[in-house]
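Structure, as structure tokens:
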Amino acid sequence: MQSWQLRERAREILAKEVGYVSKPHGGRLRVALAFPNTYFVGMSNLGFQTVYKLFNAEDDIVCERVFLPPKTELAAQLTSGAPLITIESQTPVNEFDVFAFSVSFEWDYTNVVTLLRLAGLKTRAAERTARDPLVVIGGAVTFVNPEPLAPFADVIAAGEGEALIPSLLTAFKGACDRDDLLRRLAADRGFYVPGFYDVNHTADGGIEAFVPRLGTGAPPVVKKAALKTTDTVDPPATTIFTPDTELGSRLLIEVVRGCANLCRFCWAGYNYLPVRAFPKDRILQRAGHARQYSHRAGLVSIALCDHPDIEEILTQLVDMGYSISPASLRLDDLTPTILELLRRSGERTITIAPETGSDRLRRVINKTVTNAEILAAADMIFASGFDNLKLYFMIGLPTETDDDLVAIRDITLQLRDTMLRHQRGRGHLGRIVGSVNPLVPKPGTAYQWLPMEDDRSIDRKIKRVRSLMGGIDNVYFNIKSERHSFYQALLSLGDRRVADAIEAAERNGGNWRAAVAETGVDADFFVFRDRSTDKVLPWDIIDGGLKDHFFRSEFDKGLREEWTLPPKRQKENARLLPVLQ
Ligand code: SF4
């Protein structure tokens, strides 16, 4: 595509949008903010929209957006050499001071590399110069394990945008040159400068130590930056509305951050602690303002009902005329009132996550509900008039046996019976849709030392679940392949050496098997190794607040099939949280 065509397309995008920000560049810090996927996907990402708003809320910053071109145009754009331009002012990205990335998913890592190439930049930080924009990579995945992306970043932003953006601006204002800027950022909470560290390895290929380079002032570990309280903060919400996105012109709004349940596999639960609710009045004010652009509200929270005013919030959103979709609901939070409000707003499906079929295995992973409670919740759901139930399950969990797989079938059959009992006599029956994923042990959880279950065993379990679930009327199961999870695990659990494979996969169009073979990256080493005796884990460079001994004791409790009951909720929870001290 030619440059004029790219500019034309950017202007067409703006013509359909409401709420974008256009500021003069003069005298301001210029930030090109990239979502490493297409416009269609990125504009439905609340984290991306929030960072855009936070940057532009600073008078001294102008932030403009950049996306990956659609697949059909990508190759042409790469060969044409037409520079990557921002949507708002159609300025080439390499003229900006900062090229920032908001990365939410491991599968987008190759797109980070593509965007750097499209911008005409060297992909490796070590090969760029002080004249290039400062490449800052942030987003949910980077504060869990930034290492696979570390060689591409000048700076990794570890933590929540609300806490990081003001510090970034202050550092820019005070710095006399690029080195000074990096030193200032490295001294600040939440900024990790990978180039300031040497990584020493042990004889068996693990990590011996991250060694800060002399004279950089870089700390031995980087503390994550997070908001202490959300009491006086506007809830993150959609600010740019466009019909051209995955979720259409839907108002996405964050109601509460974090979840106190402490499921042992869940990185989101552990990493967004403590649970912080956004003020009810501010949520309703934002929703009231956005009503002229949208009639659908997507409530983005991993534990929606931990908000003390959730019933009032839902009532008022329904009264404003919104239809509401919650991201997911925790079983122990479902009440007849909440279900009735969701039903009134037009919702027909409820999504819940039993994770596994047996109470025993749920005790292992600390999912603190029982089959009896799940069935009681389903009874309430179908009695409230919902048509369908969506279920999330995992396989490959510690101590799992064939009985646990059979238990997935059994609980699904019981849920189906409950559905049929309520829907008998109606014109049509609903569906139960299950999704089964192999466990990918995640950094920053009680399973961070665990190897992923080996491929033959997972394959066998996938086949077993398929055969158990086949041919049941009104029940549909989607089961992820082992290979898909294997490469996701490589990106989750890897260290800097995995960057070679990311670059190769970017070059070859996403063929991970070939990328790993070509670069000699030992994927099995990262995915299938027991890390319990490793001195240092790749993600230990970021201090998320929770300590190793806590994770180890949680893992051991799991093997004893003991729950850590969710502290109800915030006071107790705060006790576990050195994060904010
Ligand atoms: S209930 Fe468990 S899995 Fe769900 S968000 Fe909370 S900690 Fe994570």
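The values are calculated or read from the model by the stated rules, or taken from the named source; none is laboratory data. Since the model is a prediction, treat every value here as computed from it, not as a measurement. Cβ placement follows ideal geometry from the backbone for every residue including glycine, while neighbour counts extend to all protein chains displayed.
Observations on the model:
- Search result, residues across the range 449-499 that are buried (at least 18 other Cβ atoms within 10 Å of the Cβ), of a type in the set (S, T, N, Q) and either at pLDDT 95 or above or out of contact with any Asp or Glu (no Cβ under 7 Å at 6 or more places or on another chain) (or both): SER485, SER492
- Selection from the range 272-296 of residues that are assigned to a loop (DSSP other than H, G, I, E, B) and away from the ligand (no atom under 16 Å from the Cβ): PHE278, PRO279, ARG291, GLN292, TYR293, SER294, HIS295
- The single residue among VAL433, VAL364, VAL440 that is within 29 Å of SER492 (Cα to Cα), more than 16 Å from the ligand (Cβ to nearest atom) and touching a residue at least 40 places away in the same chain (Cβ under 8 Å) turns out to be VAL433.
- Condition check for GLY425: modelled with pLDDT under 95 and out of contact with any Cys (no Cβ under 8 Å at 6 or more places or on another chain): yes
- Every condition in (1) in contact with a strand residue (DSSP E or B) (Cβ under 7 Å, 6 or more places away or on another chain); (2) in a loop (DSSP other than H, G, I, E, B); (3) polar (S, T, N, Q) holds for SER22 except the one numbered (1).
- Considering the range 367-386, and only residues there that are touching a strand residue (DSSP E or B) at 6+ places or on another chain (Cβ under 7 Å) and under 17 Å from ASP404 (Cβ atoms), the residue that is farthest from the ligand (Cβ to nearest atom) turns out to be ILE374.
- Condition broken by GLU311, with the remaining ones in (1) closer than 25 Å to LYS367 by Cβ; (2) in contact with a helix residue (DSSP H, G or I) (Cβ under 6 Å, 6 or more places away or on another chain); (3) crowded, with 19+ Cβ neighbours inside 10 Å satisfied: (3)
- If you go through the range 366-393 and keep only what is under 23 Å from GLU562 (Cβ atoms) and in a loop (DSSP other than H, G, I, E, B), you end up with ASN366, LYS367, THR368, VAL369, THR370.
- Those residues of the range 302-323 which are within 16 Å of the ligand (Cβ to nearest atom) and either modelled with pLDDT of 90 or more or of a type in the set (A, V, I, L, M, F, W, C) (or both), in sequence order: ILE302, ALA303, LEU304, CYS305, ILE310
- Qualifying residue in the range 387-397 (condition: surrounded by fewer than 18 Cβ atoms within 10 Å (Cβ to Cβ), without any contact (Cβ under 8 Å) to a residue 24 or more places away in the chain and not charged (D, E, K, R)): no
- If only residues of the range 340-361 that are over 22 Å from SER553 (Cα atoms) and acidic (Asp, Glu) are counted, the one that is farthest from the ligand (Cβ to nearest atom) is GLU340.
- Scanning the range 95-124 for residues that are of a type in the set (Gly, Ala, Ser) and crowded, with 21+ Cβ neighbours inside 10 Å, we see that the one that is nearest to the chain's Cα centre (by Cα) is SER102.
- Test: GLN448 is closer than 25 Å to GLY269 by Cα, assigned to a helix (DSSP H, G or I) and within 22 Å of the chain's Cα centre (by Cα): no
- Among the criteria (1) in contact (Cβ under 8 Å) with a residue 40 or more places away in the chain; (2) closer than 22 Å to CYS305 by Cβ; (3) buried (at least 22 other Cβ atoms within 10 Å of the Cβ); (4) in contact with a strand residue (DSSP E or B) (Cβ under 7 Å, 6 or more places away or on another chain), the one ILE408 does not fulfil is (2).
- Scanning the range 159-183 for residues that are of a type in the set (A, V, I, L, M) and in a helix (DSSP H, G or I), we see that the one that is nearest to LEU273 (Cα to Cα) is ALA163.
- Scan of the range 324-339 for residues that are more than 16 Å from the ligand (Cβ to nearest atom), surrounded by 17 or more Cβ atoms within 10 Å (Cβ to Cβ) and not β-branched (Val, Ile, Thr), ordered by number: SER325, LEU339
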